[in-house]
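Presented below is the structure to which this report refers.
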Amino acid sequence: MRVVPKYRLEYAKRDFARFLSHLELLRSFNRAFRRSGLPLAYTGGFHPRPRVSFGPPLAVGVAGLREYLDFELEQELPLREIFSRLARELPAGLAARQIAALPPGAPGLGRLLDCAWYRIVLSPCQAEPGAWGQAVRDLTEDPRPWLYRRAGKERIVDVKAGVKGGRLVFGENLCLHLLVHLGPREIPLREVLEVLWEKAAVPGPPLSTQLTRVGLFRQQRGALVTPLGEVLQFDQEKEKVQGNVKGDFD
């Protein structure tokens with residue numbers, strides 16, 4: 001069986017692109033691949049589809065700084081060439097950041113990721129440091145559950161079970177940072193924010209444009225590891241502004 005080369009792209013979704021739905025995002029990348037002329041691999045059968053898989057979707061209006069997609073090509077090409085050809089065809093608001101070749105048998109994004117980091121910029125009418133400080137302490141230190149009944153359903157969930165960590169960052173704007181579970185223990189972010197806003201007793205809940213997904217990670221020994229191997233700490237945020245290619249270009 002022929003093994004086709006597989007690659008992983010890290011990209012950002014910001015500005016006007018944050019208002020693209022997930023389906024529109026897929027279409028934007030498919031068009032960019034076609035314009036780039038890269039030999040994208042397709043599935044077999046009567047309705048072949050490009051062999052491209054994306055990370056967890058973003059809600060419309062939410063920006064993403066470290067988003068990921070995996071794709072396969074019909075032939076191996078230099079990483080720098082793939083990166084440059086695809087990056088220049090992306091529409092405004094979508095920016096390629098890094099690319100890496102994946103070894104055979106590398107786990108896909110669905111198996112690799114287990115948490116997401118969100119930053120919520122609080123508006124002036126919501127920025128009550130005392131109220132938020134208490135709410136975050138209750139979220140991260142109080143063992144009592146935060147129960148939430150989903151509309152139209154009997155089941156009651158503990159939204160705390162979906163949160164790995166939370167903190168406040170003081171600066172030009174007061175920002176709330178949340179580290180939430182992905183996968184089996186995932187609680188919809190909307191439900192977490194709804195209860196948080198209720199606990200803080202401030203106007204809201206937040207608009208989607210106040211939210212940014214800082215990144216998608218796998219937590220290992222307390223550190224956050226991106227699908228491209230970059231290591232971050234939840235109490236630090238380091239944003240790179242230029243794209244890079246990971247690997248040997250010789």
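Below is a table of values for the structure above.
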{"item": "Quotient of Cα Rg and 2.2 N^0.38 Å for the range 191-233, N being how many residues it contains", "result": "1.59"}
{"item": "Relative contact order [Cα under 8 Å, 6+ residues apart], the range 1-153, whole percent", "result": "34"}
{"item": "Kirkwood-based shape ratio for the range 79-193, expressed as Rg/Rh from alpha carbons", "result": "1.09"}
{"item": "Cα shape, the range 117-181, gyration tensor, a/c 1.5 rule", "result": "prolate"}
{"item": "At R0 = 30 Å, FRET efficiency that the Cβ-Cβ distance of Arg88 and Glu172 yields, to 0.05", "result": "0.35"}
{"item": "Unit Cα scatterers, Debye sum, the range 1-85: log10 I(q)/I(0) for q = 0.18, 0.19, 0.20 Å⁻¹", "result": "-0.84, -0.92, -1.00"}
{"item": "q = 0.21, 0.23 Å⁻¹, the range 1-46: log10 I(q)/I(0) [Debye, one scatterer per Cα]", "result": "-0.94, -1.04"}
{"item": "Rounded if a/c under 1.5, otherwise prolate or oblate - the range 156-216, Cα gyration tensor axes", "result": "oblate"}
{"item": "Gly61 long-range amide H proximity, modeled H, under 5 Å", "result": "Phe19, Leu20"}
{"item": "Two-site FRET efficiency, Leu40 against Val231, from Cβ-Cβ distance with R₀ of 25 Å, rounded to 0.05", "result": "0.25"}
{"item": "Pairwise Lys count, the chain - Cα closer than 21 Å, eight or more residues apart or different chains", "result": "8"}
{"item": "Cα-only Debye scattering, the chain: base-10 log of I(q)/I(0) at q = 0.09, 0.10, 0.12, 0.16 Å⁻¹", "result": "-0.44, -0.54, -0.75, -1.20"}
{"item": "Carbon plus sulfur fraction of accessible area for the chain, probe 1.4 Å, in percent", "result": "52"}
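The values are calculated or read from the model by the stated rules, or taken from the named source; none is laboratory data. Please read these numbers as outputs of a predicted model, since none were measured by experiment. Note that each Cβ is placed from the backbone with ideal geometry, even for glycine, and that neighbours are counted across all protein chains shown. Protein only, heavy atoms only, side chains kept; ligands, DNA and RNA dropped before computing areas. Shrake-Rupley method; radii C 1.70, N 1.55, O 1.52, S 1.80 Å.
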